[in-house]
Amino acid sequence: MIINTQLENKGNQFPSKIISYKKDVDTLYFTSENNVVLQLTIQRDSVLRFRYTTTSIFENDFSYAITRYASRGFNHLVVTEDDSKYIITTSKLICHISKEDMRKSIFDAKDNTLISEDELGFHWEESYEFGGNIVKMSKNSQEKESYYGLGDKPVPLNLKGKRFENWVTDSYAFNKDTDPIYKAIPFYTGLHHGKAYGIFFDNTFRAYFDFCQERRNVTSFWAQGGEMNYYFIYGPEMGEVVSNYTDLTGKPNELPPLWALGYHQCKWSYYPESNVKEVINKFRELRIPCDAIYLDIDYMDGFRCFTWNKEYFPDPKRMVKELADNGFKTVAIIDPGIKIDNEYSVFKEGLEKDYFCKRADGPYMKGKVWPGECYFPDFTKPEVREWWSGLFKELIVDIGVKGVWNDMNEPAIMDVPGKTFPDDVRHDYEGNECSHRKAHNIYGMQMARATYQGLKKFSYPKRPFVITRAAYAGTQRYSSTWTGDNVASWEHLTIANMQAQRMCMSGFSFVGSDIGGFAEQPNGELYARWIQLGIFHPFCRTHSSGDHGDQEPWAFGENITDIVRKFIEIRYQLLPYLYTAFWRYATEGIPILKSLVLYDQADTHTHYRNDEFIFGEKILACPITEPNAKGRRMYVPEGNWYNFWDNTLLKGGNEVWVDADLDSMPIFVKAGAIIPKYPIQQYVGEKKIEELHLDVFFKLGNEKSQVYEDAEDGFDYKKGRFSLRNFNLLGKEDSLTIQQFKSGKFITSYETFEINLIGLPFEIKKVEVDNVIIDISTNLRNNILVITKEFTELHIMGK
Ligand code: MIG
């Protein structure tokens, strides 16, 4: 457990025996002889919240992470006791609390399997230096238990045997195993005996997690202040754990505009205007689809936020419009540091209104970043966020910028130890005033939130688009994210893959890496392999530091350009499929990427797999992460899978070799899947969709698929103007039936489906649409069928 560092410490202290118990609707209070109170709230049948105080008084109950939309309520709650324990039973869980020492054990209510068990359980050390406690929790690790989650940690998916720190940190050119880096997401999933549960330790102080590193059979977590306050989230499916966690900390407040799921191009920096134009024109000339172009810090006047360098960009409004006319959305960077400059209106206003962070004894928090010496808004104060959100008016409304990129919001400070604010900086924290020790991990999140509020207000009636580097649990409600300053190396390609999967299983699916690597320069082969992975990440952007050479799709010769185009085109064809997965994420908290363990936890082969993942519900992808490869070995999960390239069928449950020259990569589609595709567009909305293409992959038996569509932007979908198609496929030896259940009021632009029937084990003799025979001599060619989008039952027969 935590190393005792100070002689003044009294050492670990523990709750003594329970002397009283009280119930208040959904909350139970257990008080010990030495004034420890355990507050147990039944959030849902499968979600229990445990909170402890050592002084009998709790802090004000406030969390930036928990959303007000979090589900509450349970079907069943019974509390009983015997000589040694209290027994709390919900319809999903049974929790024992020992009267002797407050230790807890939690069981699956259905079959009594032990899921989680305190080792020492809650204990604490008084914090001599800061007051309050260092709060600690330890649990016995169960037999063959594996651990997953924790946000952006750049390590293999299974966390067992490792220790981590959560302290949001600017980590230029981080490496495999660098810890901590940009994000603090104190949520992990444990898996043993085929059952998964999650722990969300909602404490924003510097925190640690130890997964059987210090002691082989003990997992522990602790924080340098605040309360021991955690949620136990039961599955037993890992997918349910993640969606329950996402329910607690929030799904994206709205879907992204569809263009945000297109390809984005970025560099530090494209300037002046002529350079930006050159880049975007090249995309169109080479017919490489692209939806967004980014302006990094050099667009500003001396790095002053909300200003423009008029020498490089004499007329931003005109330029942004010209880009838009070409299908390019402009995304501009905004950092937190505000230059100390009495001629600069944002600085002056922030100063007058007292919006900047101060040190403990009164001086402003002064720190050096790109503009030189800066002050920093206290984004933990609602009034400051409101002010900040208002600053976007000109950028969004007048100039026409469509998205904002928040960087350096850890917050990052140059040339100081720790690279961030000192601990003593004061924050409002929604009226719960505190030091930076408590506010550090949520500072970037609150900046992203304030930015989001501005974009939401001023982009209306369009949807906002924000991207942030720093994040705490819950930031997914406001923003997308990227994995920060990675490196153009093969190892980093592997890291990007693991990080994106890990973020998805940590409730934050709108994620991607700097394709090609930020620091240093990739060769063409590495760039092509990275694009191949990148098109399967929810956020898909090339970015580089720019000082090592060009990193546009055409920077590596024609052969690479062709490969990159081919894969970006696949991304654009799959947009309705990805959008459907995003909708599932935004409505049900289902991660867009599913690591194999999350996809099939019953198969223990998946517990240590890192490379393969499921994109959406039906597509299995596995990047090539080594140079000179002609293919690779990979694990294909149970079930039948079609090779994406040649439609050959493969039976899963094995490790197999898959060919993949540089112009290919291992991609498989689950048998039974119906995959929607749009035509290739150079940008979202370029073409009117005249027909929805559906690839139907035959399966013996049943499979469900969905296609979600709407106006691709705006908020009408929230009022029911969406189109959801639920497809039910049933394949038999000599027939295939597809039923369609349609809901929502949105009318799609196309009238017909072009259905491509793949893998049929029979020759088509007869086709009925809603019991009417259709003429296959005219409507069917090479197993491609064109039928009305309104059908409810399609029946394809071999006899
Ligand atoms: O100190 O804005 O991670 O994406 O290009 C570097 C310049 C600041 C770090 C970001 C990177 C961005 C760069 N920024």
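The values are calculated or read from the model by the stated rules, or taken from the named source; none is laboratory data. Predicted model only: the values in this text are computed from it and were never measured. Note: ideal-geometry Cβ built from the backbone for every residue, glycine included; neighbour counts use all protein chains shown. The accessibility values were calculated without ligands, DNA or RNA, using every heavy atom of the protein model including side chains. Shrake-Rupley method; radii C 1.70, N 1.55, O 1.52, S 1.80 Å.
Structural remarks
- For the stretch 93-179, projected area of the alpha-carbon convex hull averaged over all directions, nm²: 8.6 nm²
- Derived value for the stretch 521-667: Kirkwood hydrodynamic radius 16.3 Å. Basis is the mean of 1/r over every pair of different alpha-carbon atoms.
- Think of each Lys and Arg Cβ as +1 and each Asp and Glu Cβ as -1; about the Cα centre, that makes the dipole of the stretch 93-178 roughly 300 debye.
- Largest first and in whole Å, the equivalent-ellipsoid semi-axes of the stretch 102-152 read 28, 16, 9, each the square root of five times a Cα gyration tensor eigenvalue.
- Using the alpha carbons alone, the radius of gyration of the stretch 394-474 stands to its Kirkwood radius in an Rg to Rh ratio of 1.05.
- Alpha-carbon centroid distance for the pair the stretch 332-368 / the stretch 155-174, whole angstrom: 31 Å
- Test item: Cα-centred dipole of the chain, Lys/Arg +1 and Asp/Glu -1 on Cβ, debye: 1200 debye
- Scoring 772-780, 555-563 by mean Cβ neighbours within 10 Å over their residues and listing the highest first yields 555-563, 772-780.
- Here the spin labels are modelled as points 7 Å beyond Cα on the Cα-Cβ line, and at Asp423 and Glu793 they lie 7.1 nm apart.
- Multiplying the residue separation of Tyr69 and Val397 by 0.36 nm and subtracting their alpha-carbon distance yields 115.1 nm.
- Alpha-carbon spread of the stretch 170-278, three principal axes, descending order, Å: 60, 30, 28
- Put simply, the C-alpha atoms of the stretch 448-602 give a gyration tensor, and the ellipsoid matching it has half-axes of 26, 19, 16 Å, longest first.
- The alpha-carbon atoms of the stretch 1-149 define a convex hull whose volume equals 151 cubic angstrom per residue.
- Hull volume per residue, based on the alpha-carbon atoms of the stretch 461-538 and their convex hull, is 95 Å³.
- Note on His605/Leu114: beta-carbon distance plugged into 1/(1 + (r/R0)^6) with R0 of 30 Å gives a FRET efficiency of 0.75.
- Over all distinct Cα-Cα pairs of the stretch 87-244, the Kirkwood formula returns a hydrodynamic radius of 16.3 Å.
- Length gained when the stretch Glu343-Arg359 is fully extended (0.36 nm per residue, less Cα-Cα span): 3.4 nm
- Translational diffusion of the stretch 318-402, estimated by Stokes-Einstein from the Kirkwood radius over alpha carbon pairs at 10 °C in a medium of 1.306 mPa s, is 110 µm² per second.
- Charge context of Thr542, other residues only, Cβ under 11 angstrom, K/R +1, D/E -1: -1
- Protection proxy ranking for 179-185, 106-112, using the average of other Cβ atoms within 10 Å per residue and placing the highest first: 179-185, 106-112.
- Asp315-Phe715 FRET efficiency (beta carbon distance; Förster radius 51 Å; 0.05 resolution): 0.95
- For the stretch 619-682, dividing the convex hull volume of the Cα atoms by the residue count gives 99 Å³ per residue.
- Every pair of different Cα atoms in the chain enters the Kirkwood calculation, which places the hydrodynamic radius at 27.7 Å.
- Stretch gain in nm, segment Glu100-Phe741, where the contour uses 0.36 nm per residue and the Cα spacing is subtracted: 225.1 nm
- Antiparallel bridge percentage (DSSP; both residues within the stretch 285-373; nearest 5): 50 percent
- Calculated accessible area for the chain comes out at 36 Å² per residue, all protein chains present (probe 1.4 Å; ligands, DNA, RNA ignored).
- Whole-percent carbon and sulfur share, accessible surface of the chain, 1.4 Å: 47 percent
- With a Förster radius of 45 Å applied to the C-beta separation of Asp24 and Ala173, the computed FRET efficiency comes to 0.30.
- Take the Cα of Lys17, step 7 Å toward its Cβ, do the same at Val786, and the gap between the two points is 8.3 nm.
- All C-alpha to C-alpha distances of the stretch 672-768, sorted into 10 Å bins beginning at zero, yield P(r) values of 15, 41, 30, 13, 1 percent in whole numbers.
- Inter-label distance, nm, simple model (7 Å from Cα along the C-beta direction), Asp547/Lys704: 5.4 nm
- Highest to lowest packing among 134-143, 711-720, scored as the average C-beta count within 10 Å: 134-143, 711-720
- Secondary-structure-derived ellipticity at 222 nm for the chain, considering helices only, amounts to -5500 deg cm²/dmol, per-run term -39500 (n - 2.57) for DSSP H runs with n ≥ 4.
- Too-long pairs where the Cα-Cα distance tops 26 Å, listed order kept, from Lys10/Lys183; Lys10/Lys136; Lys153/Lys462; Lys677/Lys718: Lys10/Lys183; Lys153/Lys462
- Ellipsoid semi-axes in whole angstrom, largest first, where each is sqrt(5λ) of the Cα gyration tensor of the stretch 356-428: 25, 16, 10
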